[in-house]
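The values are calculated or read from the model by the stated rules, or taken from the named source; none is laboratory data. No experiment lies behind these values; they were computed from the predicted model shown. Cβ: placed from backbone, ideal geometry, glycine included. Neighbour counts: every protein chain shown.
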Ligand SMILES: [Zn+2]
């Protein structure tokens, strides 16, 4: 027993030293987050080029890297737990050494994964935001401006609701592959108005386990380790184009959810494709009317009563779909993502999604690209 402990001590030292580098890198990262210029440089000179490289590399592979990554992680975790238990049951090894060794390995793996997140992605949460770069910082909006924006979105969605394809039940229809075809031209107006966002867009990938994503409450996600965008293909079809646009915003380096929502909607409503425009107007309408419901319920109901039968059908279908998916998995996923956002410089967490209303109303009233002026 003593001999075994003696030979394992240098091994433990080796694990301690291996843990040192990722931990020091994390310390350096969090130190740099306190210096705006330094973290801006990290994002510009390292994170964005690395994400572009990863995106370009992995988009050439026609399978979902995210799902392979998750499957590999689950298998690795099972093997790890199995090895840990069998090592604990082995009488040839000291239990404290075994536990320490496995804990250190776990710390090393998690520290490297978190390093990947921090240096590739989280840096952007501390760098200059889209609103700062675009000069679209809001100081609040009036209820009249909110109502006018919501009314405009309602009128546009109503008009488009008669033009988009519908299934036998009268619900907006279309497949992910069809919507994804126009991904590369979608951001042309955005690149023109906000040239600092110009960059690479890769073909979005549909997720095989989209139903599980729905039960977790996710419509799409950007995976920094592959630099790609992934779309839930099971969600109501009207939201797929808007989700594609939202995830591209993340790929272009927009980190804050409210800002990605705004840019996604702005990209959609300027698209030449009817289904993108309808999707963008409907997504914007949900955000705007949610805010209006709190600010002025009477005018909210006035707008709700003016919905076309088609728009009302899509609205009800969307509510029905997401109500069916509510449950424990959704609550846990929300809690995990909310915590992730809060530890990454987004104190309002998931509620930050609602802040896109201010950006949208300000942009509609001030931008030369605003469709409301026309
Ligand atoms: Zn997002």
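Observations, loosely collected:
- Checking each residue of the range 174-187 against the condition of being modelled with pLDDT of 95 or more and in contact with a strand residue (DSSP E or B) (Cβ under 9 Å, 6 or more places away or on another chain) gives no match.
- Qualifying residue in the range 186-195 (condition: within 23 Å of residue 58 (Cα to Cα), in contact (Cβ under 8 Å) with a residue 24 or more places away in the chain and outside the structural domain of residue 114 (by TED's automatic domain parsing)): yes
- Any chance residue 187 is away from the ligand (no atom under 12 Å from the Cβ), buried (at least 22 other Cβ atoms within 10 Å of the Cβ) and closer than 23 Å to residue 127 by Cβ: yes
- Residue within the range 214-221 that is closer than 30 Å to residue 37 by Cα, in a helix (DSSP H, G or I) and outside the structural domain of residue 67 (by TED's automatic domain parsing) present: no
- Residue match in the range 283-291 (condition: within 16 Å of the ligand (Cβ to nearest atom), closer than 21 Å to residue 207 by Cβ, free of Cβ contacts under 8 Å to residues at least 40 places away in the same chain and in contact with a helix residue (DSSP H, G or I) (Cβ under 6 Å, 6 or more places away or on another chain)): no
- Members of the range 117-148 found to be in a helix (DSSP H, G or I) and more than 25 Å from the chain's Cα centre (by Cα), listed by number: 143, 144, 145, 146, 147, 148
- Selection count, the range 160-175, where residues are surrounded by fewer than 17 Cβ atoms within 10 Å (Cβ to Cβ) and on the phi > 0 side of the Ramachandran plot: 1
- Test: residue in the range 196-203 that is over 24 Å from residue 228 (Cα atoms) and crowded, with 16+ Cβ neighbours inside 10 Å: no
- Counted residues, the range 215-247 - those being away from the ligand (no atom under 13 Å from the Cβ) and over 23 Å from residue 310 (Cβ atoms): 6
- Residue check for residue 264: within 15 Å of the ligand (Cβ to nearest atom) and over 24 Å from residue 67 (Cα atoms): yes
- Residue count for the range 203-214, restricted to those that are within 16 Å of the ligand (Cβ to nearest atom), under 24 Å from residue 271 (Cα atoms) and out of contact with any strand residue (DSSP E or B) (no Cβ under 6 Å at 6 or more places or on another chain): 0
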